[in-house]
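A.B. asks: Mind having a look at this structure? Questions to follow.
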Amino acid sequence: MKNMNIEISYSSRKVSFNIPEKNLAGIIRPRETAAALNQSQIDLAISGSKTAEEFISIVQGKNLCILLPDGTRDLPIDKVLKALTALLDRPKHIRFMICTGTHDAETEQNKLIINQTASLMQKSGIKNFDIVIHNCDKAEFIDAGTTSRQTNVLYNAAIKDMDVFLALSDVKHHYFAGYSNPVKNFVPGLCAYKTAEGNHALSLDEHSRFGTHPWHRIKELQDNPLAADQVEAMEKIIDRRAFWAVVMLSTKGQIQWLDFGKAKEVAAEAFSKADEWNLYEVKQVERIIVSPGGTPNDIDLYIAQRALELTKQAIADGGEILFVSACDKGIGAERTMQHFWNLLTRPAEEVLATVRGGPYKLFSHKPLRFVELISRLRHLWLYSELDDETVRAGHLSPASNIQEIVDRWLRQKPDVKILAVDGANKLAIRAAKN
């Protein structure tokens, strides 16, 4: 019997295990259908694009605000900014905003982004810039009104005098916002905690799901209440100001595809490309091994959970998932603990009643999703750096050895089919219709 040796990402390294060829249902990773773009190709796609001249004319003598993702994302910011420098000698002033949303503002990763950005600008001879890290608690906020879905839009006053916005966005499927996309740089990226909470309450709506967005080119895939609320809130924030974006698909810090232009147009193109490359349809199986894709996507359980939400359609009821996620920084940021972890450690019935009964508290959609998934599984195993007692407290089953779990599955059912998924934070799986 031929064994297949499989490597998947874990923290900053790889871990491996063997599955007999006859038991392997498949290996799914983010598609690398194109070679990674080199710096010259990235430069050409931005400063050499047809839209570059229009962008230059728009930002000439204006205040340009460049919206950067925070340090929890693995977008290769330096490569994109290097390509943009050819266009950045025209604005009167440039303000870089690090869009943290409700994430911690003062982190080592965010400091690294500041240093990299400042160094690159200075080397390029650009001096008329500053860098601001968004803080959802301490920033000064402007009230832009309320959306039709009753989200109070409070945004960072640091962008009030900006004339043109340019977002950097690594587009991938998002389990309730449809896709990670340029709009999210504003909402929740630059909004108050209250705004994020109001918007994220819509994550409980079954239509808030991956692969859907109001900007999607396919009409049937435009219904997503949470994403629609984000778009409406963003429109209240920017009013008639120009909104441009550099959108890309990347994996492991390498850009496979990139476009530059007006945000709505290039985002729609990116959604189509993400669907083409990284949306999979599979028959449900009884066993799955899932890795979020290593650092930074598995640094804590709060962040890593996205990978489960994007792949759970592949698991049959009564099945088992082995979640391979280092969680070397623990459960999650301190601000998430009360309504995420502390709630998850309560009895399942209490979690369901608390979240579904409302009122919604930010982060509480996560324990709800965990409980809903666990309730239809035989086991949700977690191979991580967390101690066994902590893992069990969250209704998960600790795994100390990946191969032991695989061998256990094979003993229980010699013909069992096992699906392996790596880089699950950058893809999405739909269950094939019977």
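A.B. asks: Working only within the range 298-338, note down all residues that are outside any loop (DSSP other than H, G, I, E, B), aliphatic (A, V, I, L, M) and in contact with a His (Cβ under 8 Å, 6 or more places away or on another chain).
C.D. replies: Within the range 298-338, Leu310, Ile321 qualify.
A.B. asks: Please count how many residues of the range 202-223 are under 17 Å from Glu269 (Cα atoms) and either in contact (Cβ under 8 Å) with a residue 24 or more places away in the chain or touching a Gly at 6+ places or on another chain (Cβ under 7 Å) (or both).
C.D. replies: Pass one, the range 202-223, residues under 17 Å from Glu269 (Cα atoms): 210-222.
Still in the list and also either in contact (Cβ under 8 Å) with a residue 24 or more places away in the chain or touching a Gly at 6+ places or on another chain (Cβ under 7 Å) (or both): 210-213, 215-217, 221.
Total meeting the criteria: 8.
A.B. asks: Just the residues that are buried (at least 22 other Cβ atoms within 10 Å of the Cβ), part of a helix (DSSP H, G or I) and of a type outside the set (A, V, I, L, M), please, taken from the range 223-241.
C.D. replies: The initial filter retains those residues of the range 223-241 that are buried (at least 22 other Cβ atoms within 10 Å of the Cβ), namely 224, 226-230, 233-234, 237.
If we keep only those that are part of a helix (DSSP H, G or I) as well, we get 226-230, 233-234, 237.
Hits for the range 223-241 are Asp229, Gln230.
A.B. asks: If you don't mind, there's one more thing I want to ask. Given the criterion touching a residue at least 12 places away in the same chain (Cβ under 8 Å) and either of a type in the set (Val, Ile, Thr) or more than 29 Å from Ile58 (Cβ to Cβ) (or both), identify the matching residue among Leu190, Leu226, Leu166. Spell out how you get there, then give the answer.
C.D. replies: On the way: Leu190 fails: either of a type in the set (Val, Ile, Thr) or more than 29 Å from Ile58 (Cβ to Cβ) (or both); Leu166 fails: either of a type in the set (Val, Ile, Thr) or more than 29 Å from Ile58 (Cβ to Cβ) (or both).
Criteria check complete, one pass: Leu226.
A.B. asks: If you don't mind, another one. When Ile42 is evaluated against the numbered criteria (1) touching a helix residue (DSSP H, G or I) at 6+ places or on another chain (Cβ under 9 Å); (2) under 24 Å from Ile299 (Cβ atoms), which criterion, by number, is the only one it fails?
C.D. replies: (2)
A.B. asks: Can you say whether Asn156 is within 22 Å of Leu64 (Cβ to Cβ), touching a Cys at 6+ places or on another chain (Cβ under 7 Å), in contact (Cβ under 8 Å) with a residue 12 or more places away in the chain and not aromatic (Phe, Trp, Tyr), as far as the supplied structure shows? Outline the logic, then answer.
C.D. replies: Numbers: within 22 Å of Leu64 (Cβ to Cβ): yes; touching a Cys at 6+ places or on another chain (Cβ under 7 Å): no; in contact (Cβ under 8 Å) with a residue 12 or more places away in the chain: yes; not aromatic (Phe, Trp, Tyr): yes.
Taking the combined requirement at face value, the residue does not satisfy it.
A.B. asks: Which pairs turn up if I take residues in the range 244-262 that are on the phi > 0 side of the Ramachandran plot and crowded, with 20+ Cβ neighbours inside 10 Å and look for partners that are β-branched (Val, Ile, Thr) and in a strand (DSSP E or B) with beta carbon separation below 6 Å, at least 6 apart in sequence or on another chain?
C.D. replies: none
A.B. asks: Give me a count of the residues in the range 418-434 that are charged (D, E, K, R) and surrounded by 19 or more Cβ atoms within 10 Å (Cβ to Cβ). If you could, list the steps in order and put the result at the bottom.
C.D. replies: Pass one, the range 418-434, residues charged (D, E, K, R): 422, 426, 430, 433.
From the residues that got through so far, the ones that are surrounded by 19 or more Cβ atoms within 10 Å (Cβ to Cβ) too are 422, 426.
Of the residues in that region, 2 qualify.
Values in this text are rule-based calculations from the coordinates and carry no lab data. What you see is a predicted model; the values in this text were computed from it and never measured. For neighbour counting, all protein chains shown are included, and Cβ atoms are generated from backbone atoms with ideal geometry for every residue, glycine included.
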